[in-house]
Amino acid sequence: MADTLSYNEQTEGWPSYYSFFPEWMEGMNNRFYSFKGGNLHLHNSNDQRGTFYGATSSAIIQFCANKSPLEAKLFKALSLQSDTTWEAIVATDEVTGTVLTNYYEKKEGMWFSNIRFNSNSVITKNRSFVGIGNTSDTVGGSGTTRTFTFASNVPQSIISIGDTIFYGTTPTQGGVISSIVGNVITATGSTLPAVGTAIGLFVMASKNVTAESYGLLGDYAVVTLVEDGTNASELFSVEFDVMKSYP
């Protein structure tokens, strides 16, 4: 896919690129013209933003958030001072998260949202694991169901239906919790690995990393903002809620 680079003679730099790819461009009488397919096009002459030669492209802004680059940080939330919401893809050197346009809430004139893990982010990079304990009985169930029994009742203040079960010294995913009754957890999944019958199997749970993100761990973040609309959108500033990560 070809892009058009723009050059600024005053700064002697290349400030941006554009998704249209004309055959020829010309500025004349404060107007910008281009040729495509042998046809003459006048730019900035209609209200359909991001539309060139009948095709619509997204507006994309990409930058690096790199304050205190030698410190490991948790990127927790994103705020936009804008008249519209922009989808945000936040990629640290460890994991990737997303803010969709419908995630935002307007607070004190700014659009605010927590940064959520992508569902395909590496599960071991999040900080939402909770230890449950060692099983006191053999693991029951088969096929798509597993039951884990413990010596005491499962604390439902920290373990919830919808959490994901992991077991073993090398954590193996064992399904999503569908039931908690006293000291027994039932987990289900489309394909679950064999557990064996060992008593004393260490079990822990992980919160849904998309719904309950604790922030994206990383030294820096590459942020990509995307606006798909064809109406005018003004973005004035982007702010992050960031805290130092403590191991």
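The values are calculated or read from the model by the stated rules, or taken from the named source; none is laboratory data. Fair warning: this is a prediction, and the values are worked out from it, not measured in the lab. Please note: Cβ atoms are built from the backbone with ideal geometry, for glycine as well, and neighbour counts cover all protein chains shown.
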Note to self: Just checking, does segment 76-95 include any residue being in contact (Cβ under 8 Å) with a residue 24 or more places away in the chain and closer than 24 Å to ILE165 by Cα?
What the structure shows: yes
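Condition test on VAL95, is it closer than 20 Å to GLY218 by Cα, in contact with a helix residue (DSSP H, G or I) (Cβ under 7 Å, 6 or more places away or on another chain), hydrophobic (A, V, I, L, M, F, W, C) and surrounded by 13 or more Cβ atoms within 10 Å (Cβ to Cβ)?
Values: closer than 20 Å to GLY218 by Cα: yes; in contact with a helix residue (DSSP H, G or I) (Cβ under 7 Å, 6 or more places away or on another chain): yes; hydrophobic (A, V, I, L, M, F, W, C): yes; surrounded by 13 or more Cβ atoms within 10 Å (Cβ to Cβ): yes.
So VAL95 passes the test.
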Item checked: Pairs where the first residue, in segment 185-211, is surrounded by fewer than 19 Cβ atoms within 10 Å (Cβ to Cβ) and among the hydroxyl-bearing types (Ser, Thr, Tyr) and the second is part of a loop (DSSP other than H, G, I, E, B) and at pLDDT 70 or above, C-beta under 7 Å, 6+ apart -> THR188/THR144; SER190/THR144; THR197/THR138; THR197/VAL139
Next item on the list: Among residues belonging to segment 1-24 that are part of a strand (DSSP E or B) and free of Cβ contacts under 8 Å to residues at least 12 places away in the same chain, point out the one that is farthest from ILE61 (Cα to Cα).
Entry: TRP24
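Which ranges mark the strands (runs of 3 or more DSSP E) fully within segment 27-69 that have 2 or more residues being outside the structural domain of ASP93 (by TED's automatic domain parsing) and without any contact (Cβ under 8 Å) to a residue 40 or more places away in the chain? Steps first, please.
Working: elements: 31-36, 39-42, 59-65.
Fully inside segment 27-69 and qualifying: 31-36, 39-42.
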Check: Which strands (runs of 3 or more DSSP E) sit wholly inside segment 83-122 and have at least 3 residues that are in contact with a Gly (Cβ under 7 Å, 6 or more places away or on another chain) and under 27 Å from ALA232 (Cα atoms)?
Finding: none
Margin query: Of everything in segment 138-151, what is in contact with a Gly (Cβ under 8 Å, 6 or more places away or on another chain) and either free of Cβ contacts under 8 Å to residues at least 24 places away in the same chain or farther than 13 Å from SER179 by Cβ (or both)? Give them in sequence order.
Written below: VAL139, THR144, PHE150, ALA151
Notebook entry, point to check: Which residues, taken from segment 2-54, are loosely packed, with under 10 Cβ neighbours inside 10 Å and either on the phi > 0 side of the Ramachandran plot or of a type in the set (Val, Ile, Thr) (or both)?
Noted result: THR11, GLU12, ASN29, ASN30, GLY37, GLY38, ASN44, GLY54
Next item on the list: Those residues that are surrounded by 17 or more Cβ atoms within 10 Å (Cβ to Cβ) and more than 15 Å from PHE129 (Cβ to Cβ), I need them from segment 155-175; list them, please.
Entry: GLY175
Next item on the list: Please state which one of VAL90, VAL95, VAL99 is at pLDDT below 90 and either touching a Lys or Arg at 6+ places or on another chain (Cβ under 9 Å) or not small (Gly, Ala, Ser) (or both).
Entry: VAL95
